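Novice: This is the structure I have questions about; it appears just below.
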Amino acid sequence: MRPLEELDYLLPDWWKQIDRNESWQTGAYDTLAVSYLVIALVALVQIVRIQLRVPEYGWTTQKVFHLLNFLVCGLRSAVFFFRGQVQRLPLVVVQAGLLDLPGLLFFSTYTLLVLFWAEIYYQARSLPTTALRPTFVIINLIVYGIQSGIWVFISLARDSQAQLGKELSGCFLACVSAAAAFAFLLFGGRLFFMLRHFPIESRGRNKKLREVGAVTSICATCFLFRSAITAWSAFDQEDADLDVLKHPLLNLIYYGGAEVIPSALVLFILRKLPPKKAPAGYAPIPTQ
């Protein structure tokens, strides 16, 4: 841990005053809790609207996307509403899970869009798509498995080793976020440029171009931002501890920029309901 004098030198006075201000702490975390709750309710309403529009289909990619958004934002909202109780949990592994699990679910939620775009791109290029979904599932299982192992290590380790575990967790999540940003740029970019080669008079071409371009830009930016902040937090537990109690301004900036604003924008962009008679590309997720 760094000396207090060095910490005072690195942090500006106004930032430290905000960190110690109970009104700022309450306001920042309650704002995040309410924001997440609103987004969760919007996602839930969207699931209901889709079900009413196309009741003949099961769990389509669109429904799963909104369901995961509902789970992520619902968990985040609960953690911020009950932040004091979460921080006082006796089991470190449970506390770490409640703080980090929504971030992993956020990764799964938005990489599902990457999978959907990859399938569209591969089908348009007459390339095999059979390996895409298994690859998506395997990658997610590996990510959850590694992070679960880190949680267990932190809960069983001594103080010095626990600090190492937190650094490993931050670095791992930073790498996962950077990989997600790269995936969006790769497949979102491929789909965008493929759509640009369609004839101008193609139905819905310009609208789909704007949609893919906007979502790619938003998601790539938010995952890069997330990667940078989590990497900083991993090695700077004094200045950048994202523990939902200290550093209210940092938490407001991080969660707002990495999850709340991107989720709200993407849900707005993808708000359109499927047609009552679904086109060929709108198909439920296979059960096998």
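A quick yes/no check of all residues on (1) in a helix (DSSP H, G or I); (2) under 21 Å from residue 67 (Cα atoms); (3) under 22 Å from the mean Cα position of the chain (by Cα); (4) modelled with pLDDT of 75 or more:
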position: 180; (1), (2), (3), (4): yes, yes, yes, yes
position: 200; (1), (2), (3), (4): no, no, no, no
position: 218; (1), (2), (3), (4): yes, yes, yes, yes
position: 223; (1), (2), (3), (4): yes, yes, yes, yes
position: 234; (1), (2), (3), (4): yes, no, yes, yes
position: 243; (1), (2), (3), (4): no, no, yes, no
position: 273; (1), (2), (3), (4): no, yes, no, yes
position: 276; (1), (2), (3), (4): no, yes, no, no
position: 281; (1), (2), (3), (4): no, yes, no, no
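Novice: For residue 86, indicate whether it is under 21 Å from residue 256 (Cα atoms) and more than 20 Å from the chain's Cα centre (by Cα).
Specialist: It is true that residue 86 is under 21 Å from residue 256 (Cα atoms) and more than 20 Å from the chain's Cα centre (by Cα).
Novice: So, in the range 11-52, of the ones that are of a type in the set (Gly, Ala, Ser) and surrounded by 14 or more Cβ atoms within 10 Å (Cβ to Cβ), which residue ends up farthest from residue 274 (Cα to Cα)?
Specialist: Checked the range 11-52; the qualifying residue farthest from residue 274 (Cα to Cα) is 28.
Novice: Among the residues of the range 161-184, write down those that are of a type in the set (S, T, N, Q) and farther than 16 Å from residue 104 by Cα.
Specialist: 161, 163, listed by residue number.
Novice: Could I ask something else about it? Just to be sure before I move on: is residue 141 more than 25 Å from residue 95 (Cα to Cα) and either surrounded by 16 or more Cβ atoms within 10 Å (Cβ to Cβ) or at pLDDT 85 or above (or both) in the structure I sent?
Specialist: no
Novice: Looking at this structure, is residue 53 over 16 Å from the mean Cα position of the chain (by Cα), farther than 21 Å from residue 262 by Cα and in contact (Cβ under 8 Å) with a residue 60 or more places away in the chain?
Specialist: Here the answer is yes, as residue 53 does meet what is asked.
Novice: Here's another thing I want to ask about it. Might you check whether a residue that is among the hydrophobic types (A, V, I, L, M, F, W, C), within 22 Å of residue 188 (Cα to Cα) and either surrounded by fewer than 20 Cβ atoms within 10 Å (Cβ to Cβ) or at pLDDT below 90 (or both) occurs anywhere in the range 81-103?
Specialist: No, the range 81-103 has no match at all.
Novice: Now for a different question. Which count do you get for residues in the range 104-125 that are surrounded by fewer than 21 Cβ atoms within 10 Å (Cβ to Cβ), among the aliphatic types (A, V, I, L, M) and over 17 Å from the mean Cα position of the chain (by Cα)?
Specialist: The number of residues fulfilling the criteria is 2.
The values are calculated or read from the model by the stated rules, or taken from the named source; none is laboratory data. Keep in mind that what you see is a predicted model, and the values were worked out from it rather than measured. We place every Cβ from the backbone using ideal geometry, glycine too, and count neighbours over all the protein chains shown.
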